[in-house]
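Here's the structure, in structure tokens; my notes come after.
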Amino acid sequence: MKYYLTILVLISNLIGCARSEGPQEVQIDQTLKIYYKDTQGRDLLSIWQNAGADPIRWEDLLAARAGENVNFLTKKDSLGINYIEYQAGATRLETSDASTMDRLFTTEIQVNYTTDSLAEVHSDTLQVIYRLSPTRFFISKVQYNQQLLAIDPIGAGNSVTVVK
């Protein structure tokens, strides 16, 4: 009888463990697409490349060493418009949001670019704020030269447009 009672307790514990939920899978949505356009809506990346410029270089402003490069890709969308795709690589400084208990991570990048072959370098600042909730890691805000940029809705590719 003791053995039956022991087996019954072990089986009920196993069933109880099988029902408990393990760690939830976190959805990661960290790819950012940045379009550069002029006030008439023209693709500036294309214009700058055609002018013989090496248009854009990124530096990590939060890196331990000054001048750390940040990698990104230049791509074309289905309409043939150039954009920069950034996934990861720059230092992320962790903060927290006391109102939601989510964790926030900030990346700051200096964007150095030339607009023509004369090689005059212009500098801007890109700030990306990520939010980590129990179920998602995603881009929460994007600021360019301290101006908040509108991010396309979730699932639409996290694209922003910088107008110069």
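Taking the Cβ of each residue in 39, 161, 107 as the centre, tally the other Cβ atoms inside 10 Å and list the residues starting with the fewest.
Values: 39 7, 161 15, 107 24.
Lowest count first: 39, 161, 107.
What ratio of Cα Rg to 2.2 N^0.38 Å holds for the range 29-163?
On the way: Rg = 15.4 Å, N = 135, 2.2 N^0.38 = 14.2 Å.
Cα Rg divided by the expected 2.2 N^0.38 Å: 1.09.
Around residue 157, what is the net charge, scoring Lys/Arg as +1 and Asp/Glu as -1 over all other residues with Cβ under 12 Å from its Cβ? List each step's numbers first, then the result.
Working: positive: 33, 75; negative: 29, 77, 85, 152.
Residues near residue 157 contribute -2 overall.
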- Between residue 103 and residue 85, what is the spin-label point distance in nm, taking each point 7 Å from the Cα along the Cα→C-beta axis? 2.7
- Quick calc, residue 163 & residue 24: beta-carbon distance into FRET formula, R0 45 Å, rounding 0.05, result 0.70
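Values quoted throughout were computed directly from the atomic coordinates according to the rules given, and no laboratory measurement underlies them. No experiment lies behind these values; they were computed from the predicted model shown. Note that we place each Cβ from the backbone using ideal geometry, even for glycine, and neighbour counts take in every protein chain shown.
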